[in-house]
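Everything below concerns the one structure shown next.
The values are calculated or read from the model by the stated rules, or taken from the named source; none is laboratory data. From a predicted model like this one, the values you see are computed outputs, not experimental measurements. Quick reminder, even Gly has a Cβ in these numbers, built from the backbone with ideal geometry, and neighbours come from all protein chains shown. Just the protein is used for accessible areas: all its heavy atoms, side chains included, with ligands, DNA and RNA removed. Shrake-Rupley method; radii C 1.70, N 1.55, O 1.52, S 1.80 Å.
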Amino acid sequence: MNPDQVLNKEELTKDEIVFLLSLQEKIDIEKLYTCANEIRKKYCGDEVHLRGIIEFSNYCEQDCLYCGLRKSNKNLQRYRMTKDEIISTAKKITQAGIKTVVLQSGEDHFYSSSLVTDIILTIKEKFEPAITLSIGERGRDEYEEWKKAGADRYLLKHETANEELYSSFHHKEKLKARLAHIRCLKETGYQTGSGNIIGLPGQNIEDIADDILLCKEMECDMCSFSPFIPSQDSPLREVPSANTDLTLKTIAVARIVLKNVHIPSTTALSTLIGNGAEIGLKVGANVIMPNYTPIPYRDNYQIYKDKKTYDPIEFLNELKVMLDRIGRKVGEGKGHSLKLMLNQ
Ligand code: SAM
């Protein structure tokens, strides 16, 4: 296959996706990144959408083998933010001009349906941002209740499209069950996010191609492709971090295949490479998620080791300078799904 020919095609087959993910020559990889950046510009424009994230609880009832929040990890100091703490953090996010609040936690039923509803209603009433929930698998009735309360989006990554691998990392749970939740969220009317972890042990390039194609099949509105980083307190502590070139190629190929979706330049990527946020934005990403989890909680949201941490106000100032330098700008609206905008 020839990279120029493949990059000129409107639709890519799985073999062509694998081919692009496998490119090794610097000149070919540059062509891939240039193409992804052009497609990002065509479908998303130059706006970079900011999503302020609040990691409000690190309690988790799940035991995912790769994750530092897993319930078997007894070394983690657990915390739960109160409703008032969550609301005052949401205030800081919106006061900074950020128009999306992401509420993320481990799977923690301490936050009952009604408590989550109350938090959504209060944030919406006071500050009117878009709200993304990222709180794991819950019931259809809960998804419906929170949607009615005003939640706009839900992020639930499929993690890996390889059924066997999925079961091996999730105590034999089935990928099908995870996908049923993602489909349910779509049916309930959420702008839905999914995505994978790159560099899981046993994963190959075909699996990553399947991850991208699965996001396409499920018509996800946002897709996160983030690198694996080991947690010292997980059974995968000896597994090396993901290859950053493969991570960047995945973002680029995903942009070329998925076109009008939101793709973040993730904190995990910035943890692995110093200027990760900028590099991610240059190879196809159009979203940044500044972390507003208050001190001292943020140090205990240890999904993986050495998670990048910063003062959000300084981060935002530096980000704006960087965006200016690379010819991009902070998105003015809420940054809703690009698919919804097409249908309006
Ligand atoms: N509990 C929610 C859920 O299951 O969607 C959200 C919290 S969970 C910690 C958020 C994401 O962290 C997961 O979807 C997973 O992709 C990512 N994650 C967990 N461990 C990781 C690791 N070691 N390296 C990179 N990403 C990881």
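Listed values, structure above:
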{"read-out": "Only listed residue being surrounded by fewer than 16 Cβ atoms within 10 Å (Cβ to Cβ), away from the ligand (no atom under 13 Å from the Cβ) and among the hydrophobic types (A, V, I, L, M, F, W, C), chosen from VAL321, VAL253, VAL261", "value": "VAL321"}
{"read-out": "Candidates ARG183, ARG237, filtered to the one that is open to solvent by 30 Å² or more (accessible area, probe 1.4 Å), more than 21 Å from the chain's Cα centre (by Cα) and either of a type outside the set (Asp, Glu) or near the ligand (Cβ under 10 Å from one of its atoms) (or both)", "value": "ARG237"}
{"read-out": "Hits in the stretch 279-309 - residues which are open to solvent by 40 Å² or more (accessible area, probe 1.4 Å) and either farther than 28 Å from GLU30 by Cα or part of a strand (DSSP E or B) (or both)", "value": "ILE295, PRO296, TYR297, ASP299, GLN302, ILE303, LYS305, ASP306, THR309"}
{"read-out": "Residue count for the stretch 51-75, restricted to those that are aliphatic (A, V, I, L, M) and open to solvent by 20 Å² or more (accessible area, probe 1.4 Å)", "value": "1"}
{"read-out": "Selection status of SER231, touching a Pro at 6+ places or on another chain (Cβ under 7 Å) and near the ligand (Cβ under 10 Å from one of its atoms)", "value": "no"}
{"read-out": "Criterion (within 20 Å of the chain's Cα centre (by Cα) and of a type in the set (D, E, K, R)) met by exactly one of ARG51, ARG80", "value": "ARG51"}
{"read-out": "Only listed residue being among the acidic types (Asp, Glu), more than 13 Å from the ligand (Cβ to nearest atom), farther than 28 Å from THR94 by Cα and surrounded by 15 or more Cβ atoms within 10 Å (Cβ to Cβ), chosen from ASP152, ASP221, ASP210", "value": "ASP210"}
{"read-out": "Tabulated pairs, the stretch 61-87, first over 23 Å from ALA268 (Cα atoms), second open to solvent by 20 Å² or more (accessible area, probe 1.4 Å) and of a type in the set (A, V, I, L, M, F, W, C), C-beta under 8 angstrom, 6+ apart or interchain", "value": "LYS83/LEU115"}
{"read-out": "Evaluation of TYR66 against (1) more than 20 Å from the chain's Cα centre (by Cα); (2) of a type in the set (Ser, Thr, Tyr); (3) within 14 Å of the ligand (Cβ to nearest atom) (one fails), failing number", "value": "(1)"}
{"read-out": "Test: residue in the stretch 86-101 that is part of a strand (DSSP E or B) and either open to solvent by less than 20 Å² (accessible area, probe 1.4 Å) or over 30 Å from GLY150 (Cα atoms) (or both)", "value": "yes"}
{"read-out": "Residue satisfying all of: in the stretch 15-50; crowded, with 19+ Cβ neighbours inside 10 Å and not in a helix (DSSP H, G or I); farthest from the ligand (Cβ to nearest atom) among these", "value": "LEU23"}
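Here's the yes/no breakdown for (1) of a type in the set (D, E, K, R); (2) within 23 Å of GLN104 (Cα to Cα):
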residue	(1), (2)
ALA254	no, no
ASN260	no, no
GLY276	no, yes
ALA285	no, yes
MET289	no, yes
ARG298	yes, yes
ASP311	yes, yes
GLY335	no, yes
